[in-house]
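J.: Right, I'll just put the structure down here and ask away after.
The values are calculated or read from the model by the stated rules, or taken from the named source; none is laboratory data. It should be emphasised that the depicted structure is a prediction, and the values quoted were computed from it without experimental measurement. Ideal geometry is used to build each Cβ from the backbone, glycine not excepted, and the neighbour counts take in all protein chains shown.
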Amino acid sequence: MAALGPLSRTARLGCNLCRKHRLVFNRNLQRRGIASCIDPSYGLSEEQKEFQKVAFDFAANEMAPHMAEWDQKEIFPVETMRKAAQLGFGGIYVQPEVGGSGLSRLDTSIIFEALSTGCVSTTAYISIHKYGPLRCAQPCRFCNSPFYCFSEGVHSYRCFISGSGSDAASLLTSARLKGDHYILNGSKAFISGGGDTDVYVVMCRTGGKGPKGISCLVVEKGTPGLSFGKKEKKVGWNSQPTRAVIFEDCAVPVTNRLGAEGQGFNIAMKGLNGGRINIASCSLGAAHASVLLARDHLLVRKQFGETLANNQFLQFKLAEMATKLVASRLLVREAATALQQSRADAVSLCSMAKLFVTDECFNICNQALQMHGGYGYLKDYAVQQFVRDIRVHQILEGRCIFSFLCSRSQFDLSRLQEKLA
Amino acid sequence: MSGRVLVGVKRVIDYAVKIRVKPDNSGVVTDGVKHSMNPFCEIAVEEAVKLKEKKLIKEVVAVSCGPQQSQETIRTALAMGADRGIHVEVSGKDYETLGPLQVSKILAALAKKEDAQLIILGKQAIDDDCNQTGQMTAALLDWPQGTFASEVSMDGAQVKVVREIDGGLETIKINTPAVLTADLRLNTPRYATLPNIMKAKKKKIANVKPADLGVDLTSRLEVLRVDEPPQRQAGMKVETVEDLVEKLRDTGMV
């Protein structure tokens, strides 16, 4: 889908009607083409295929033509995200009573995978945004507002703080209770959407040391004491602005707290599993698009008197890429199903899925770039943007931490549960 | 007036797919190939749903003729806003020879049965490019037709249609019941939203056989051979106009 380039939908229709060009298919390429081997609609229900189709169409028509421009000009495509929200992509697994679509984690994974073929960075942002509605442990004025699901406002979710990367439980942003307000002090680095969004969900320390002293507060843009650092210059994910968020004696009403005091860490951890599946799904979409781009290039590029598609090494390599893509997809979908059913292996599956899939998909995109040769290095070709955009997926949402979780859960599940209780 | 609109939707090979001819030249490869709703049919559904939203008509019924998979296409129409669907089951040999003549007979029979006020179709299908079904349906029903519509407005029991013709744009006023066929610039079809896709599951699709409608599906055409278009040959550059004329005469083009 992304390979179709910047032609608009109607222009492409016009082209097809004229039937100006037809590729004579290289008979040496296997009859069951690579596109049907990695087709992401196998094994899905009719309804899921419908969702996937809408997501693919949206990605191909509304996102893919602008992907390069958003990256190069660092544009935050709020209008496109609003359109996505109107189709129901803003709160996919959020309950309909609060404005979501009420679908399952698996449906969500399928949709994000399809959207990612249009623009990884924007899709990842939509998926991060979705954290918000899940945070509400008790009714507060943000829970029932439709803007949580994107139709009116855009919001950020924060957990990462400078000074405590993977060790989230040791975060330092403090919130002292003073009358009916919390006074926040501290700063958080690498906040996606920071400075351009309306609402910030902040994890801060209201109590003592360790995870039990952390609470979750909602801070609105424009609150005195809330300021932002400079916009970071990143290798990828350029359609999202990233800034440090700074709190200097920022007063936040107690009614803005999500859940009870001390529940912040739990809220954060609960969101992490879903977040990992979403990020892994975004990587899947990028890998899928990259494999198709690589295939198209191999069919066109000629060296040594024939198309690269006739080269046995490249045929094997493409087959390996396809295999790893399908394996990754199966792992993510199984993790999503486990999470939906609250199975005992959900946490470790989500961690394993994130670890395996982000790595493998990056390798697939990287290989696809290699297959493009020198052209792969040019910004005219989409494959380099996929490589740059999904590189960060291997970093965020915790890398060592879940390897840690994985190994811990093998040896000492009871102590782990105690820590998180 | 019943306020009911019949919209024909056809399941065709997706426009983005690269078409391949079968090795025995009997047709085009359709197995395992991505299919979707004909783009002009999408425009037709969108127009019908728009008319319903403006409260000019009461019910939109999506109709498709084909095998079991055609139900997916009807579901897409339901997700876009159609109220119910009718699946006319045609499979196997009958489906391979199904063409505009047979489909227009089916649509005509259905229009009478459903007491339709309007039939809206896409102007042509992107797999056969026939551009005949709308016109044939109107002829069989003896209804007026507004084809290649780029703008449709209803005026009581009449329909004003702006048609795209070779000379430009032609505006006509026709009485209902009528047949309209949608051209590219009529509207931009909406995306089905996730909630609408879920609602569409509950909408009904009725199953009908062509025999029930008294339609004979025998084809008057036989496809002998399907070939790819010839490979584009390299051109020639000439220096002067005289050379050009000479070359044209030599190759017998003039």
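J.: Quick check, is residue A:306 in contact with a Gly (Cβ under 8 Å, 6 or more places away or on another chain) and acidic (Asp, Glu)?
T.: No.
J.: Can you tell me which residue is surrounded by the most Cβ atoms within 10 Å (Cβ to Cβ) among those in the stretch B:99-136 that are polar (S, T, N, Q) and out of contact with any Phe, Trp or Tyr (no Cβ under 8 Å at 6 or more places or on another chain)? Walk me through it before giving the result.
T.: Residues of the stretch B:99-136 polar (S, T, N, Q): B:102, B:104, B:117, B:124, B:131-133, B:135.
When the remaining residues are screened for being out of contact with any Phe, Trp or Tyr (no Cβ under 8 Å at 6 or more places or on another chain), the result is B:102, B:104, B:117, B:131-133, B:135.
Values: B:102: 24, B:104: 25, B:117: 22, B:131: 16, B:132: 16, B:133: 27, B:135: 18.
Within the stretch B:99-136, the match that is surrounded by the most Cβ atoms within 10 Å (Cβ to Cβ) is B:133.
J.: I'm checking my understanding of the structure. Among residues of the stretch B:21-77 that are of a type in the set (Val, Ile, Thr) and assigned to a helix (DSSP H, G or I), which one is nearest to residue B:149 (Cα to Cα)?
T.: First pass over the stretch B:21-77, keeping only residues of a type in the set (Val, Ile, Thr): B:21, B:28-30, B:33, B:43, B:45, B:49, B:57, B:60-61, B:63, B:73-74, B:76.
From what's left, assigned to a helix (DSSP H, G or I): B:43, B:45, B:49, B:73-74, B:76.
Details: B:43: 11, B:45: 13, B:49: 16, B:73: 23, B:74: 22, B:76: 22 Å.
Here the residue is B:43.
J.: Separate question: Considering A:247, A:265, which residue is assigned to a strand (DSSP E or B), touching a strand residue (DSSP E or B) at 6+ places or on another chain (Cβ under 7 Å) and surrounded by 20 or more Cβ atoms within 10 Å (Cβ to Cβ)?
T.: Values: A:265 fails: assigned to a strand (DSSP E or B).
Answer to the selection: A:247.
J.: For residue A:286, all conditions in the list (1) crowded, with 24+ Cβ neighbours inside 10 Å; (2) in contact with a Leu (Cβ under 8 Å, 6 or more places away or on another chain) hold save one; what is the number of the exception?
T.: (2)
J.: Out of curiosity, is residue B:197 within 18 Å of residue B:80 (Cα to Cα), touching a residue at least 40 places away in the same chain (Cβ under 8 Å), touching a Gly at 6+ places or on another chain (Cβ under 7 Å) and within 14 Å of chain A (Cβ to nearest Cβ)? Reasoning before the result, please.
T.: On the way: within 18 Å of residue B:80 (Cα to Cα): yes; touching a residue at least 40 places away in the same chain (Cβ under 8 Å): yes; touching a Gly at 6+ places or on another chain (Cβ under 7 Å): no; within 14 Å of chain A (Cβ to nearest Cβ): yes.
Considered against the rule, which asks whether it is within 18 Å of residue B:80 (Cα to Cα), touching a residue at least 40 places away in the same chain (Cβ under 8 Å), touching a Gly at 6+ places or on another chain (Cβ under 7 Å) and within 14 Å of chain A (Cβ to nearest Cβ), residue B:197 comes out as no.
Listed here are the residues, each with its yes/no results for (1) modelled with pLDDT of 90 or more; (2) part of a helix (DSSP H, G or I).
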residue	(1), (2)
A:76	yes, no
A:82	no, yes
A:85	no, yes
A:88	no, no
A:92	no, no
A:97	no, yes
A:100	no, no
A:118	yes, no
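J.: Which numbered condition in (1) over 12 Å from the mean Cα position of the chain (by Cα); (2) farther than 15 Å from residue B:186 by Cβ; (3) surrounded by 14 or more Cβ atoms within 10 Å (Cβ to Cβ); (4) in contact (Cβ under 8 Å) with a residue 12 or more places away in the chain is the only one that residue B:29 fails?
T.: All conditions are met except number (4).
J.: Then there's this: Scan the stretch A:31-55 residue by residue and report those that are more than 10 Å from every other protein chain (Cβ to nearest Cβ), part of a helix (DSSP H, G or I) and closer than 17 Å to residue B:194 by Cα.
T.: Residue satisfying the conditions is A:52 alone.
J.: Give the residues of the stretch A:57-84 that are in contact (Cβ under 8 Å) with a residue 60 or more places away in the chain and within 10 Å of chain B (Cβ to nearest Cβ), sorted by residue number.
T.: Scanning the stretch A:57-84 gives A:58, A:84.
J.: Next question. Checking the conditions here, which among B:111, B:139 is closer than 18 Å to residue B:206 by Cα, small (Gly, Ala, Ser) and assigned to a helix (DSSP H, G or I)? Even if it seems obvious, please write down each step before you answer.
T.: On the way: B:139 fails: closer than 18 Å to residue B:206 by Cα.
None of the others qualify; the one that does is B:111.
J.: Look at residue B:181 and say whether it is over 30 Å from residue B:33 (Cα atoms), within 16 Å of the chain's Cα centre (by Cα), of a type outside the set (Gly, Ala, Ser) and surrounded by 18 or more Cβ atoms within 10 Å (Cβ to Cβ).
T.: Values: over 30 Å from residue B:33 (Cα atoms): no; within 16 Å of the chain's Cα centre (by Cα): yes; of a type outside the set (Gly, Ala, Ser): yes; surrounded by 18 or more Cβ atoms within 10 Å (Cβ to Cβ): yes.
Considered against the rule, which asks whether it is over 30 Å from residue B:33 (Cα atoms), within 16 Å of the chain's Cα centre (by Cα), of a type outside the set (Gly, Ala, Ser) and surrounded by 18 or more Cβ atoms within 10 Å (Cβ to Cβ), residue B:181 comes out as no.
J.: Considering each of B:181, B:133, B:137 in turn, give the residue that is in contact (Cβ under 8 Å) with a residue 40 or more places away in the chain, touching a Pro at 6+ places or on another chain (Cβ under 7 Å) and within 30 Å of residue B:92 (Cα to Cα).
T.: Numbers: B:181 fails: touching a Pro at 6+ places or on another chain (Cβ under 7 Å); B:137 fails: touching a Pro at 6+ places or on another chain (Cβ under 7 Å).
B:133 is the lone residue from the list that is in contact (Cβ under 8 Å) with a residue 40 or more places away in the chain, touching a Pro at 6+ places or on another chain (Cβ under 7 Å) and within 30 Å of residue B:92 (Cα to Cα).
J.: Let me ask you something else. Filter the stretch A:171-184 down to residues that are surrounded by 15 or more Cβ atoms within 10 Å (Cβ to Cβ) and either at pLDDT below 85 or over 29 Å from the mean Cα position of the chain (by Cα) (or both), then give me how many there are. Step through it out loud before you land on a result.
T.: Kept after step one, since they are surrounded by 15 or more Cβ atoms within 10 Å (Cβ to Cβ), are these residues of the stretch A:171-184: A:171, A:173-175, A:181-184.
Okay, now just the ones that are also either at pLDDT below 85 or over 29 Å from the mean Cα position of the chain (by Cα) (or both), so A:171, A:173, A:175, A:181-183.
Total satisfying the criteria: 6.
J.: Check B:34, B:54, B:123, B:93 and return the single one that is among the charged types (D, E, K, R) and modelled with pLDDT of 95 or more.
T.: Numbers: B:34 fails: modelled with pLDDT of 95 or more; B:54 fails: modelled with pLDDT of 95 or more; B:93 fails: modelled with pLDDT of 95 or more.
The unique qualifying residue is B:123.
J.: Test of understanding: among A:276, A:343, A:301, A:333, which residue is outside the structural domain of residue A:122 (by the TED database), closer than 15 Å to residue A:390 by Cα and of a type in the set (D, E, K, R)?
T.: Working: A:343 fails: closer than 15 Å to residue A:390 by Cα; A:301 fails: closer than 15 Å to residue A:390 by Cα; A:333 fails: closer than 15 Å to residue A:390 by Cα.
After applying the criteria, what remains is A:276.
J.: In the stretch B:44-71, which residues are surrounded by fewer than 24 Cβ atoms within 10 Å (Cβ to Cβ), within 14 Å of chain A (Cβ to nearest Cβ) and touching a strand residue (DSSP E or B) at 6+ places or on another chain (Cβ under 7 Å)?
T.: Of everything in the stretch B:44-71, those that are surrounded by fewer than 24 Cβ atoms within 10 Å (Cβ to Cβ), within 14 Å of chain A (Cβ to nearest Cβ) and touching a strand residue (DSSP E or B) at 6+ places or on another chain (Cβ under 7 Å) turn out to be B:69, B:71.
J.: Return the pairs, sorted by first residue and then second, in which the second residue is of a type in the set (Gly, Ala, Ser), the first residue lies in the stretch A:296-313 and is at negative phi, the beta carbons are less than 8 Å apart, and the residues are 6+ apart or on different chains.
T.: Note: pairs meeting the criteria are A:296/A:3; A:298/A:309; A:299/A:309; A:301/A:373.
J.: Of these, B:151, B:246, which one is assigned to a helix (DSSP H, G or I) and away from chain A (no Cβ under 14 Å)?
T.: Details: B:151 fails: assigned to a helix (DSSP H, G or I).
Answer to the check: B:246.
J.: Next question. Hey, could you check the stretch B:154-191 for residues that are within 13 Å of another protein chain (Cβ to nearest Cβ) and in a loop (DSSP other than H, G, I, E, B) and say which is nearest to residue B:135 (Cα to Cα)?
T.: Ranking the qualifying residues of the stretch B:154-191, first place goes to B:183.
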